[in-house]
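Structure first, commentary second.
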Ligand SMILES: Nc1ncnc2c1ncn2[C@@H]1O[C@H](COP(=O)(O)OS(=O)(=O)O)[C@@H](OP(=O)(O)O)[C@H]1O
Ligand SMILES: Nc1ncnc2c1ncn2[C@@H]1O[C@H](COP(=O)(O)OP(=O)(O)O)[C@@H](O)[C@H]1O
């Protein structure tokens, strides 16, 4: 029914990962699919509470989440991952673990717009040096290569973005 069952949304803080993961889950559930959301903030509150924001810790965060997704998909559960996933190496790691079921989606939104949104006030804290290694401000975010599906969340509404995702998954 859908072409890929691990949909991994990545991009800067505030790019729209959480918003679109919820909207997409609702649409997929309406198609009768079982969906699990794996969100960086949620995992870091529990399972991955031992991890910080060095590139190595981010890789470990993503490695663990990828293995969870891989286990769930074997039981026919659709997983939507929402992680910043800042480096190309991190994206390759997911691909190695999840394999053919993976749809990587870059939520393309410039730092300036994410900072304007500043959903959780984290950009302000990062600018005041109250948070170290903040992605896009004081830690790297590598743009993905052109082969990665990219959805612009600055110039489209969430509903338009989720329609693009659905078209990709079902078209
Ligand atoms: N230093 C720093 N850099 C980036 N993000 C930070 C940082 N400190 C805390 N947070 C909060 O952690 C959320 C990102 O966690 P992720 O697990 O998605 O990050 S990563 O993929 O391992 O890079 C991120 O959530 P989102 O805003 O949903 O992206 C923030 O709420
Ligand atoms: N096209 C869009 N897709 C997703 N979110 C959008 C879009 N346009 C505006 N927004 C807004 O941007 C913010 C994104 O926040 P959030 O989903 O928490 O991002 P993230 O999980 O990537 O940190 C929300 O306030 C959301 O309403």
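The values are calculated or read from the model by the stated rules, or taken from the named source; none is laboratory data. Model, not experiment: these values are computed from the prediction. Note that each Cβ is placed from the backbone with ideal geometry, even for glycine, and that neighbours are counted across all protein chains shown.
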Can you report the number of residues in the stretch 153-162 which are surrounded by fewer than 16 Cβ atoms within 10 Å (Cβ to Cβ), touching a helix residue (DSSP H, G or I) at 6+ places or on another chain (Cβ under 9 Å) and outside any loop (DSSP other than H, G, I, E, B)?
2
Meets criteria (within 15 Å of ligand 1 (Cβ to nearest atom), surrounded by 13 or more Cβ atoms within 10 Å (Cβ to Cβ) and at pLDDT 95 or above) for residue 70
no
For the stretch 124-152, name all the residues that are under 26 Å from residue 95 (Cβ atoms), more than 13 Å from ligand 2 (Cβ to nearest atom) and outside any loop (DSSP other than H, G, I, E, B).
139, 149
Mind checking whether some residue in the stretch 106-113 is assigned to a helix (DSSP H, G or I) and touching a helix residue (DSSP H, G or I) at 6+ places or on another chain (Cβ under 9 Å)?
yes
Out of the residues in the stretch 1-27 that are over 25 Å from residue 117 (Cβ atoms) and modelled with pLDDT of 95 or more, state the one that is nearest to ligand 1 (Cβ to nearest atom).
6
Of all the residues that make up the stretch 45-54, how many are surrounded by fewer than 16 Cβ atoms within 10 Å (Cβ to Cβ) and either under 22 Å from residue 99 (Cα atoms) or touching a helix residue (DSSP H, G or I) at 6+ places or on another chain (Cβ under 8 Å) (or both)?
1
Counted residues in the stretch 128-140 being more than 7 Å from ligand 1 (Cβ to nearest atom) and touching a residue at least 12 places away in the same chain (Cβ under 8 Å) come to 4
Run down 84, 68, 80 and say which single residue is closer than 16 Å to residue 165 by Cβ and in contact with a strand residue (DSSP E or B) (Cβ under 8 Å, 6 or more places away or on another chain).
80
Restricted to the stretch 48-102, and to residues that are touching a residue at least 40 places away in the same chain (Cβ under 8 Å), outside any helix (DSSP H, G or I) and closer than 19 Å to residue 34 by Cβ, which residue is farthest from ligand 2 (Cβ to nearest atom)?
76
